[in-house]
Amino acid sequence: MVDILYTLIDFICIFILQVILYRTKYQPFYKGKTKVKDKAFIKYLSLASFMCLTDAFWGSMASHQLAVGLNVFKALTGILNIFFCIIPFSWFFYVETNRENFTEQSKKIILLTFLPVAVTIVLNIVNFWTGSMYVIERNLVIYPGPLLFIPVTTGIAYYAISMIYMLVSYGKTKDKEIKKRYLVIAFYSLILIVFTLLQFFLNDGPFGALGYMIAGFAVYIFNNSKEKENLLIDFHETENLLKLEKNEMVTSTIANMFIVLLSFEGLDTPPQKIKGGELFEDSVNNISDPKMIFSETLKKYVHPDYLEEMILFTNRASVRQRLEGAKSISKDFLSKDSGWCRAIWASVKEGDDEKSDTVLFGVRVIDKDKKRELEYQQKLKLALKNQNEIFGEMLQMQSNGMLATDMHNKILMMNDAAAKIFGFSNSGSVNEVEDLFIKVDMENKEEIRAKLRKIKMNGGKYAFEFSVTDLNGNLIHYIAESKLTHLSNGDKVVLTSFADITKNKKMERDLVILSETDALTGISNRGSGERKIEYLLSTGKSGMLCILDADKFKSINDNYGHVVGDRVIIKIAESLKKTFRDRDIIMRLGGDEFAVFAVGIVEEKDAKLCLQRFFENVDDIQIPEMGEKRISVSLGIVLCTDVENKSFDDYYQMADRAMYVSKKYDGNHFEFCRTMEK
């Protein structure tokens, strides 16, 4: 696990160094030729990346994760030792390029300090035969030699000299920004010394790679931030120069846009003319009271239809108040000779009370633009009118009802389809939502009102169903959906649509009846019958439960066929319906077996009278195919009085046992559970 971590750290260092290298080499924050110190930093990053890659493979080989030959491992070890000198030299070179007095001549002198690196390279090559620096056994175990300290000592020496140079330079320079740069480089030179020592004494960790990555990353961040800061300073200086150069052009440019442009330093001071037509020039020169300048000039210049509102607009007494919170105000008017114009008051400088102190007054000719605007507005108005008429017709053509109401339940719009739903001849016959509620047949009116109030407060949608009786007395079912909508003017309206679901409701009822009815007899099937009886028992209803079937029904099927058997079942069901009341539950359990729950019959005498009528109806059954042969049935009866403690299944089992006792007797016969009375 440790070996894998060693390799993983190396690859992380490679990735970070490559990112820094790319951004330094291809995305500089300066323009023009790359500086010497940046070239030196790029070389350092490149060498550090190659060293991390070599170290990753060396660690995999040393831990036997990657199987290689002895000579390959020796060569890779030698390359690593060479890197331990070359990278410190590249750092030393980079440090020297950051000094204030660095020149091309300094560059040549620094290259002479490459001699220790050259010696280390030679020693590593010779080590293949002499073993003076290290010896590698066949199991890839490394034994140090007497000269192993040379690469490490050389690297530390370069870092130490770099740190000393920077600290000495830090003391000599007075530039605060350069001092910061020297201090950063000196500190990370010390960091590199620490990581080099860790690599030498703890050879099982990638400390060298981590040191190179940390130093490179820190210096890149420092350089990056300084370059951005310098660019920002240059930008602001350039911007300020441009402002100074263009300051005199601004007034001239603005003046060219106006036929009149006056500047007022205060309410009671005469205006300073920047540019003005003949009329305004005469007014400025000849009228001593500044407050009278506009009123006299406007009479000569403004069309009579716009004179009154322009006198109000040019009233200097209210200018400061009108400009409060705004940079400018404007007013369009029609002049006597220039066509459409626009008068503008603009705030230039605010006084101590945060109200406009210095203001400009200008007049621009906008005749062409204004005419195009008026023409566009006219076309837009006509288009909107046509569009509204189209939308109105489309709304009336909708087969579904549409309704729009305000927050006070006033009807804003309703198409004829919606009016007819509620029995009104047309949409103009009703104004209030409450008039619609009167026409509605539904028990949940208050719930619907509450939901609609909630929509008005919180928004959202609400769907509900209701029924209305039409002119022919038919009950028509509708589904409605209401939604709160915000208009562009800020008003809120509730839109409601109505759709006829009568056919769906009828289909739904038919499906319910179909699912609950026995297809052959038309009475309740077993599932629906049991549910109905269970409901009656759960609500405390007492009564008589009868279980019955036809006697010798199998022989009827065998002798006369199943068609005759079905007729027998149908006739028994008709006899049950004829005997019992609508509120009683009659169901076919299956085959020739039936069940009846007669509500309220809890006395045996009443039960016997009821069953006697049933036997009489059974005796009247005639099946032509059976000739003189008569139908008979056997019944089991239980009086359900203890409904709180017994369920339908309990009573069913009791009645079923009584029925099987009854079958011992011929002809129509019944037995009560427990009493077994006839």
Rule-of-thumb Rg ratio for the stretch 536-608 [Cα; 2.2 N^0.38 Å; N residues]:
1.28
Taking amide hydrogens as modeled 1.01 Å from N in the peptide plane, which residues meet the under 5 Å criterion relative to MET133, leaving out close sequence neighbours?
LEU147
Counting only residues 5 or more apart in sequence or on a different chain, those whose built amide H sits under 5 Å from that of GLY600 are SER542, GLY543, MET544
Residue-ordered couplings for the stretch 587-595, obtained by feeding phi - 60° into the Karplus form 6.51 cos²θ - 1.76 cosθ + 1.60 and rounding to whole Hz (Gly and Pro as x), are 9, 9, 7, x, x, 9, 9, 10, 9
Ordered by packing density, taken as the mean number of other Cβ atoms within 10 Å over each peptide's residues, highest first, how do 651-660, 84-93, 522-531 rank?
84-93, 651-660, 522-531
Give the long-range amide H neighbours of ILE476: residues separated by 5 or more places, or on another chain, with amide H under 5 Å away, using H modelled in the peptide plane at 1.01 Å from N.
VAL468, THR469, ASP470
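Hey, which of these cross-link pairs are over 20 Å Cα-Cα: LYS578/LYS608; LYS299/LYS368; LYS454/LYS492? Mind dumping the intermediate values first?
Values: LYS578/LYS608 16 Å; LYS299/LYS368 23 Å; LYS454/LYS492 14 Å.
Where the Cα-Cα span goes over 20 Å, the pairs concerned are LYS299/LYS368.
Going by average Cβ density within 10 Å per residue, which order do the peptides 537-550, 66-79, 448-461 take, highest to lowest?
Descending packing order for the listed peptides: 537-550, 66-79, 448-461.
Read-outs throughout are calculated quantities, based only on the coordinates presented, and are distinct from any laboratory measurement. Quantities reported herein were computed from a predicted structural model and do not represent experimental measurements. In this analysis, Cβ positions are derived from the backbone assuming ideal geometry, glycine residues included, and neighbour counts consider all displayed protein chains.
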